[in-house]
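This report refers to the structure that appears directly beneath it.
The values are calculated or read from the model by the stated rules, or taken from the named source; none is laboratory data. Worth saying up front: this structure is predicted, and the values here are computed from it rather than measured. Methodologically, a virtual Cβ is constructed for each residue, glycine included, from the backbone with ideal geometry; neighbour enumeration extends over all protein chains shown.
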Amino acid sequence: MGVFGRIRASLTRTKQQLVERFEDIVRRADAPEGRSRAVDVETMEALEELLISADVGVAATGRILAAVKGRPRDGMSLRDVVKQEIRAIFAAVGRAPRSAGAPTVMLVVGVNGTGKTTTVGKLANLLKKDGRQPLICAADTFRAAAVEQLEIWADRAGVDMVRAREGADPAAVVFDAIASGKARGRDPILVDTAGRLHTRVNLMGELDKIRRVAAREVPGAPQDVLLVLDATVGQNGLAQAREFMHVAGVNGIVLTKLDGTAKGGVAVAIAHDLDLPIRYVGVGEGIDDLVPFSADEYVDGLFEEKW
């Protein structure tokens, strides 16, 4: 299976919830007599309920419904209108230009339990396969188990790791990692931060300190601040994301556990409501189970014809 085909496969649980109901809606709207008139109220209500149940979100659902309502008579099928509008949502996401400073510092943040530490290991593995030489920085100095877990992932990926004693200042560990990366020619520096609730002001302030140290050592760093969101928590993840965006300058999302939820439509809500690109998705528990996000594969997988 190709890399992007794994995104389609990871949506199996979501498709199981969608496919029968969506096929009924499509048949009703795209029947010969249906294409010759506006989509009826019953069909619009059924589509709205379907999208909301998949966690597409209220705002994004409203945009999709508006596109369906404005479908030209004898024009595109309802399926194609829905797919086109979701692709447009992903295409409209802003992508801030990244600094050219080197090495690239990738700060990985998120709340506890999202799969943040394993994501760092998987990302290191993915980047190494792409020909880069990543260095992992273990900046979660509060939990010894977190460092040990990260070390296991670093060994699996075959990449170097910088760590410090338990309780050390996380910003100081980041300083050491950047210095080590420069000396060894490693790029990017993947910083695993401690999991924190977005409501904990002191811990969020610690992220700001890490950002300042990185910026002092590398102009424009951290060039990437990736927020790890658990797809199974659905809309609750958006509140987390907004606070991290405000404090940590998040400019990309890693969506984990996409294969473990029936609410995979949350990717659409993230793009529409947060205007943030989804950079990677987790499609399993193995070291190779992190893949770059593809909007086309995602949309085709979510709304493909019944299989």
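For the range 102-118, the criterion of being closer than 26 Å to residue 171 by Cβ, of a type in the set (A, V, I, L, M, F, W, C), under 16 Å from the mean Cα position of the chain (by Cα) and modelled with pLDDT under 95 is met by at least one residue. If you go through the range 35-77 and pick out every residue that is small (Gly, Ala, Ser), assigned to a helix (DSSP H, G or I), at pLDDT below 95 and in contact with a Leu (Cβ under 9 Å, 6 or more places away or on another chain), you end up with 1. Find the residue count for the range 127-151, including only residues that are touching a residue at least 12 places away in the same chain (Cβ under 8 Å), part of a helix (DSSP H, G or I), out of contact with any Pro (no Cβ under 8 Å at 6 or more places or on another chain) and not acidic (Asp, Glu). Adding up the residues that qualify gives 5. When you look at residue 268, is it hydrophobic (A, V, I, L, M, F, W, C) and closer than 23 Å to residue 112 by Cβ, yes or no? No; evaluated as a whole, the condition is false for this residue. Scanning the range 46-62 for residues that are within 21 Å of the chain's Cα centre (by Cα) and not small (Gly, Ala, Ser) returns 51, 52, 55, 56, 58, 61.
For the range 234-250, enumerate the residues that are of a type in the set (Val, Ile, Thr) and either free of Cβ contacts under 8 Å to residues at least 12 places away in the same chain or in a loop (DSSP other than H, G, I, E, B) (or both). Once the filter is applied, which keeps residues that are of a type in the set (Val, Ile, Thr) and either free of Cβ contacts under 8 Å to residues at least 12 places away in the same chain or in a loop (DSSP other than H, G, I, E, B) (or both), the range 234-250 yields only 250. Specify which of the listed residues (211, 216) is surrounded by fewer than 19 Cβ atoms within 10 Å (Cβ to Cβ) and either of a type in the set (Val, Ile, Thr) or not in a loop (DSSP other than H, G, I, E, B) (or both). Going through 211, 216 in turn, the sole match is 216. Could you list all residues from the range 126-146 that are surrounded by fewer than 23 Cβ atoms within 10 Å (Cβ to Cβ) and under 29 Å from residue 236 (Cα atoms)? Answer for the range 126-146, where residues must be surrounded by fewer than 23 Cβ atoms within 10 Å (Cβ to Cβ) and under 29 Å from residue 236 (Cα atoms): 126, 141, 142, 143, 144, 145, 146. Within the range 248-261, the set of residues being hydrophobic (A, V, I, L, M, F, W, C) and either surrounded by fewer than 19 Cβ atoms within 10 Å (Cβ to Cβ) or under 18 Å from residue 294 (Cβ atoms) (or both) comprises 253, 254, 255, 258. So which residues in the range 56-82 are touching a residue at least 60 places away in the same chain (Cβ under 8 Å) and of a type in the set (D, E, K, R), if there are any at all? The answer is 63, 79. Only one entry in 230, 296 is of a type in the set (D, E, K, R) and farther than 18 Å from residue 5 by Cβ, namely 230. Among the residues of the range 152-178, those identified as part of a helix (DSSP H, G or I) and within 24 Å of the chain's Cα centre (by Cα) are 152, 153, 154, 156, 157, 174. Just checking, does the range 281-291 include any residue being part of a helix (DSSP H, G or I) and either crowded, with 24+ Cβ neighbours inside 10 Å or in contact (Cβ under 8 Å) with a residue 60 or more places away in the chain (or both)? Looking for residues that are part of a helix (DSSP H, G or I) and either crowded, with 24+ Cβ neighbours inside 10 Å or in contact (Cβ under 8 Å) with a residue 60 or more places away in the chain (or both), one finds none in the range 281-291, hence no.
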